[in-house]
Amino acid sequence: MRYHLDLYIRLVGVQIRSQLQYRASFLMDSAATGIVTVLGFLTLALIFRRFNHISGWTLWEVAFLYGMVEAAFGTMDMFFSGFDPQNFGKQIRLGLFDQILLRPVNATVQVLASDFILRRLGRIIQGLIVLGLAFANQDVQWTLGKILYLPVIFVSLVMFFGGLFVIGATITFWTVESIEIINVFTYGGSEMMSYPMHIYQDWMRRFFTYVLPGIFIVYYPALFILGKPDPFHMPQFAYFLSPVAGFSVLLAASVFWQFGVRHYQSTGT
Amino acid sequence: MPKPIITVKELQKHFKIQKHRRGLTGALRNLASFHTDLVRAVDGISFTIEPGELVGYLGPNGAGKSTTLKMLTGLLVPTGGEMWVNDRVPWKERRAHVAKIGAVFGQRTTLWWDLPVIESFDLIQHIYQIPKNQFKQNLDEFRDLLDLDRFINTPVRSLSLGQRMRADICAALLHNPPLLFLDEPTIGLDVVAKERIRQFIRFINHDRRTTVLLTTHDLSDVEKLCERVMIIDHGKLLYDGALADLAERFGGNRELVVEFSEMYTHPEVEGAEIIQCEGLLVTYGFERGSITASELIGRLSVKYRIHDLKVREPEIESTIRRIYEEKLLE
């Protein structure tokens, strides 16, 4: 454990150093990934100028979801980039996963440490700014519980998205041709969760409740923190399922991942 | 008798290969049902390797060399048979196993693409938890033998193929593995680079007593390095023995070049045929097994006056090519 943590820090440190080597390009990249977030939010704001509400939610209420999801997805992308299905699929195709198996280190730790994208800080910061604006422009009835719950929601989101990346990466052990479909789940999933779940059709919402419990990750916590009514009349504890749901998805993903590694060892590529 | 470092019994690896039907209807049918072909990449091979041996593993493309190597290094789980390397079953204890072997797969680097070579070595020290003085001692020695100094601070992506191979071989040995797997270590290199790598392999084997198993396409590697060769084709082991015996058994015709003291027209002799006649120099071809060189020389010296002579052995390269092409071992 100690050894793996040590090694992880060392491997990630090497990458951060090499990424900071070109300062100008690092700053530009960070700004660019951030600008995507800001532009997305401005588009959202423009829509609200015409409609004022989306299904009973104001711009700043949606901004809570949006900022939270953006910052968390950016954080996940920074840490879990090694599992980014697109990257990982390429590694599999080039046979680089063999090199990982040739080293006497836990394979998961190596993949996790194989790519660390510091410039995602741009996206994270912009996401946090949107979140800050969301709080500044509405009256939230703050309690100690709500304040303590915020970082929990954040970590749950990171675990949830991380789980999706790991599942996507694992699928590339079987097929590298379906990257686009996998991206629909990872990137599409984060896009969906930036908006209130009750705007979606029933089948989609059911999918994100019972199959992939995304609805509990940020939507239900948002109902609790912003004091919005629950249109689906779930029991009250649904507000607090965020960490359970996030952890379960990551856990299921890692079981699937282990299975994938074993499959890889029995078939090669 | 020391215990073998590698024991392989009836090892098998079968792959199911998906058949792809072509065209749009084919693609749709692929989705509906998977048609698979069974490929026996490794089909029941057995051998043992003793500590300190340097063994060449030969075979044409797709013969099963890489698959065998992947199983021995713990990357692949066998379909059947048994295998112990360093007293371990490689795929069962992958991490403990790979800590005790070195492996270089010629086409791919184990080094970090963007890092200077020396920093990759530092990371390897931490990964294998190599004691400081052992690391320093090995690095000093290997740097010298492999002539790494000129590019040790260069990022791996900017190295030439030969430099990268030398760095990779060094990296694979820093943790003093008792066993080294080399897959095509000289592929694509020029003569000088090849020779340097061969010398280093010889050093590692002789001076460090490292057991080496190497696959190669370049038979001069084998000729210069290995006493023992194993030949695999279609997943089966065709030959396992001394390189010299291989030439003995399948070498084809030997040649005797004779320089006579005086001119003869058609200086024929029983048991050999004249291949070339150039003034005083005559080349005879004769079959191994039917007549020995000394018998032939005896017969010739009775009939003619000989000034000088030389026996030519067939080259190993043509021998092995004949084995593949004429399927002499099946």
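The values are calculated or read from the model by the stated rules, or taken from the named source; none is laboratory data. Everything quoted here is computed from the prediction, not taken from an experiment. Here the Cβ positions follow ideal geometry from the backbone for every residue, glycine too, while neighbour counts run over all protein chains shown.
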query = Residue check: is residue B:43 free of Cβ contacts under 8 Å to residues at least 24 places away in the same chain, surrounded by fewer than 21 Cβ atoms within 10 Å (Cβ to Cβ) and part of a strand (DSSP E or B)?
reply = no
query = Going through region A:4-15 one residue at a time, which ones are surrounded by 13 or more Cβ atoms within 10 Å (Cβ to Cβ) and either closer than 10 Å to residue A:116 by Cβ or touching a Ser or Thr at 6+ places or on another chain (Cβ under 8 Å) (or both)?
reply = A:8, A:11, A:12, A:14, A:15
Whichever residue in region A:175-199 is over 30 Å from residue A:91 (Cβ atoms) and in contact (Cβ under 8 Å) with a residue 24 or more places away in the chain and, among such residues, is surrounded by the fewest Cβ atoms within 10 Å (Cβ to Cβ) = A:199
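Every residue, every condition in (1) more than 8 Å from chain A (Cβ to nearest Cβ); (2) closer than 23 Å to residue B:213 by Cβ; (3) within 27 Å of the chain's Cα centre (by Cα); (4) not β-branched (Val, Ile, Thr), yes or no:
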{"residue": "B:87", "(1), (2), (3), (4)": "yes, yes, yes, yes"}
{"residue": "B:92", "(1), (2), (3), (4)": "yes, yes, yes, yes"}
{"residue": "B:103", "(1), (2), (3), (4)": "no, yes, yes, yes"}
{"residue": "B:108", "(1), (2), (3), (4)": "no, yes, yes, yes"}
{"residue": "B:112", "(1), (2), (3), (4)": "no, no, yes, yes"}
{"residue": "B:118", "(1), (2), (3), (4)": "yes, no, no, no"}
{"residue": "B:121", "(1), (2), (3), (4)": "yes, no, yes, yes"}
{"residue": "B:126", "(1), (2), (3), (4)": "no, no, no, yes"}
ask   = Can residue A:191 be described as assigned to a loop (DSSP other than H, G, I, E, B), at negative phi and either modelled with pLDDT under 90 or out of contact with any Phe, Trp or Tyr (no Cβ under 9 Å at 6 or more places or on another chain) (or both)?
value = no
message = Yes or no: region A:150-158 includes at least one residue that is within 26 Å of residue A:19 (Cα to Cα) and not hydrophobic (A, V, I, L, M, F, W, C).
response = no
key: Scan of region A:226-244 for residues that are part of a helix (DSSP H, G or I) and either in contact with a Phe, Trp or Tyr (Cβ under 7 Å, 6 or more places away or on another chain) or surrounded by fewer than 15 Cβ atoms within 10 Å (Cβ to Cβ) (or both), ordered by number   = A:226, A:236, A:237, A:238, A:239, A:242, A:244
request  = Could you grab me the full set of residues in region A:127-141 that are within 24 Å of the chain's Cα centre (by Cα) and under 13 Å from residue A:226 (Cα atoms)?
outcome  = A:131, A:134, A:135
Test result for residue A:264, of a type in the set (Ser, Thr, Tyr), within 14 Å of another protein chain (Cβ to nearest Cβ) and buried (at least 19 other Cβ atoms within 10 Å of the Cβ) = yes
query = Any chance region B:121-131 includes a residue that's aromatic (Phe, Trp, Tyr), free of Cβ contacts under 8 Å to residues at least 40 places away in the same chain and in the same structural domain as residue B:193 (by TED's automatic domain parsing)?
reply = no
task = Considering only region B:46-72, state which residues are within 15 Å of residue B:217 (Cβ to Cβ), among the hydrophobic types (A, V, I, L, M, F, W, C) and not in a strand (DSSP E or B).
result = B:63, B:69
request  = Test residue A:124 against the criterion of being surrounded by 20 or more Cβ atoms within 10 Å (Cβ to Cβ), within 17 Å of the chain's Cα centre (by Cα), within 14 Å of chain B (Cβ to nearest Cβ) and not hydroxyl-bearing (Ser, Thr, Tyr), and give yes or no.
outcome  = no
note = Taking region A:94-109 and keeping residues in a loop (DSSP other than H, G, I, E, B) and not polar (S, T, N, Q) leaves A:94, A:95, A:102, A:103, A:104, A:105
request  = Considering every residue within region A:200-212, establish whether at least one is in contact (Cβ under 8 Å) with a residue 60 or more places away in the chain and in a helix (DSSP H, G or I).
outcome  = no
query = Would you call residue A:147 β-branched (Val, Ile, Thr), at pLDDT below 95 and part of a helix (DSSP H, G or I)?
reply = no
task = Using the structure shown, decide if residue B:31 is touching a helix residue (DSSP H, G or I) at 6+ places or on another chain (Cβ under 9 Å), modelled with pLDDT under 95 and not in a strand (DSSP E or B).
result = no
note = Going through region A:1-21 in order, the residues found to be basic (Lys, Arg) and away from every other protein chain (no Cβ under 11 Å) are A:2
note = Screening A:113, A:32, A:71, A:24 for residues that are aliphatic (A, V, I, L, M), more than 14 Å from chain B (Cβ to nearest Cβ) and either without any contact (Cβ under 8 Å) to a residue 60 or more places away in the chain or within 30 Å of residue A:174 (Cα to Cα) (or both) leaves only A:24
ask   = surrounded by fewer than 21 Cβ atoms within 10 Å (Cβ to Cβ), in a loop (DSSP other than H, G, I, E, B) and modelled with pLDDT under 90 - does that describe any residue in region B:190-203?
value = yes
Those residues of region B:43-68 which are touching a strand residue (DSSP E or B) at 6+ places or on another chain (Cβ under 7 Å) and over 15 Å from residue B:215 (Cα atoms), in sequence order = B:43, B:44, B:45, B:46, B:47, B:48, B:51, B:52
inquiry  = On the basis of being polar (S, T, N, Q), in contact (Cβ under 8 Å) with a residue 24 or more places away in the chain and within 14 Å of chain B (Cβ to nearest Cβ), does residue A:106 make the cut?
reply    = yes
